[in-house]
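Colleague: Just passing along the structure, written as structure tokens.
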Amino acid sequence: MAASEEAVTADLDPAWLARYTDYLRIERRLSPHTLRNYRRDLTEFHAHVQRQAFSAWHEITLHHVRAYVAARHRAGLGGRSLQRTLSTLRSFFHFLIREGQADHNPAVSVRAPKAAKRLPKALDVDQAARLLNGNSNNPLEVRDLAMLELLYSSGLRLAELIGLNRSDVDLRDASARVTGKGNKTRIVPVGRHACAALQTWLQVRAQLAGAEEAALFVSQRGTRLTPRAVQQRVKRWGLRQGLEAPLHPHMLRHSCASHVLESSSDLRAVQELLGHADIATTQIYTHLDFQHLAKVYDSAHPRAKKKR
């Protein structure tokens, strides 16, 4: 028994989890939020395999992973979370194979229960205009309005916004170079109002940022903003401008996508704008577009309107 426990400690060493998350952070440059999710999923799986007394990663089979997913589902984990867990395990075992710690990937063929599709919340055009018509009275508020305009104009993820450097934005060309998921770079257009807001911010940025600071958006201390700081400021602006639902950065990304799709019906263009690897991810916005169409239909079609 002692030899078996020693083998488990050696082969299922949690140090491999740390090495993997270092790989995600350094080589794949995943966001801190995504890293936390991966780390949590792996920690739970590692505790499970230790309880099962496996002595090496290669002993884990498809059936073990399937049983683990089924147990997590019975415990109340939803389909979306299970899909993320499986994605984490597939990536982790691929890493172990690369490092010579496993000879197969037991999570490849396992499928999670289908998750109910949740439509992302988005502002309507009037709400977006109300949010962005705020007044700025100091450098921090000038910065906030520039961030809000850019999030809505270009559909950026939170991590993409925070990762922008001053050199990534070309106001003459009305574009920005964005590094998205998987360290993939894309060029996105920057709208007229966003360009104006950024120009105003750049005129006062030196009041907060030192000459050596590369970040486009900085905190009161002059350093690159954290995700939490941006979330708090965005929520604060939503309340200040009288929006009913709590505002978060991703809602502005959803709003950008749905409004562009409503006007253009060009799904491929929206996919490129958002940096989605798979157009199926972008297609959720067609449901938002249909919701808008249904509202217009109900209010305008003579056979749909309710009698007054």
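Colleague: Quick one: putting +1 on the C-beta of Lys and Arg, -1 on the C-beta of Asp and Glu, what dipole do you get for segment 2-98 around its Cα centre, in Debye to the nearest 20?
Modeller: That gives segment 2-98 a dipole magnitude of about 680 debye.
Colleague: I've got another one for you. So if each residue of separation counts as 0.36 nm, and I subtract the Cα-Cα distance between Thr61 and Arg221, what length gain in nm does that give?
Modeller: 52.5 nm
Colleague: Additional query: Once the Cβ-Cβ distance between His94 and Asp170 is put in as r, and R0 is 45 Å, what FRET efficiency do you end up with, to the nearest 0.05?
Modeller: Calculated value: 0.75.
Colleague: P(r) tail for segment 2-98, what percent of Cα pairs lie past 19 Å?
Modeller: 41
Colleague: Cα-Cα over 26 Å: which of Lys114/Lys181; Lys184/Lys235; Lys121/Lys181?
Modeller: Among Lys114/Lys181; Lys184/Lys235; Lys121/Lys181, the Cα-Cα distance tops 26 Å for Lys184/Lys235.
Colleague: Using Cα-Cα distances under 8 Å and only pairs 6 or more residues apart, what relative contact order does segment 2-98 have, in percent?
Modeller: Computed over segment 2-98, the figure is 36 percent.
Colleague: Using the beta-carbon distance between Arg80 and Gln50 and R0 = 22 Å, what value does 1/(1 + (r/R0)^6) give for FRET efficiency, to the nearest 0.05?
Modeller: So the FRET efficiency works out to roughly 0.25.
Taken together, the values in this text are just the output of simple stated rules run on the coordinates, not laboratory data. All figures in this text were calculated on a predicted structure; none of them were measured in a lab. Reconstructed Cβ throughout: ideal geometry from the backbone, glycine too, with neighbour counts over all protein chains shown.
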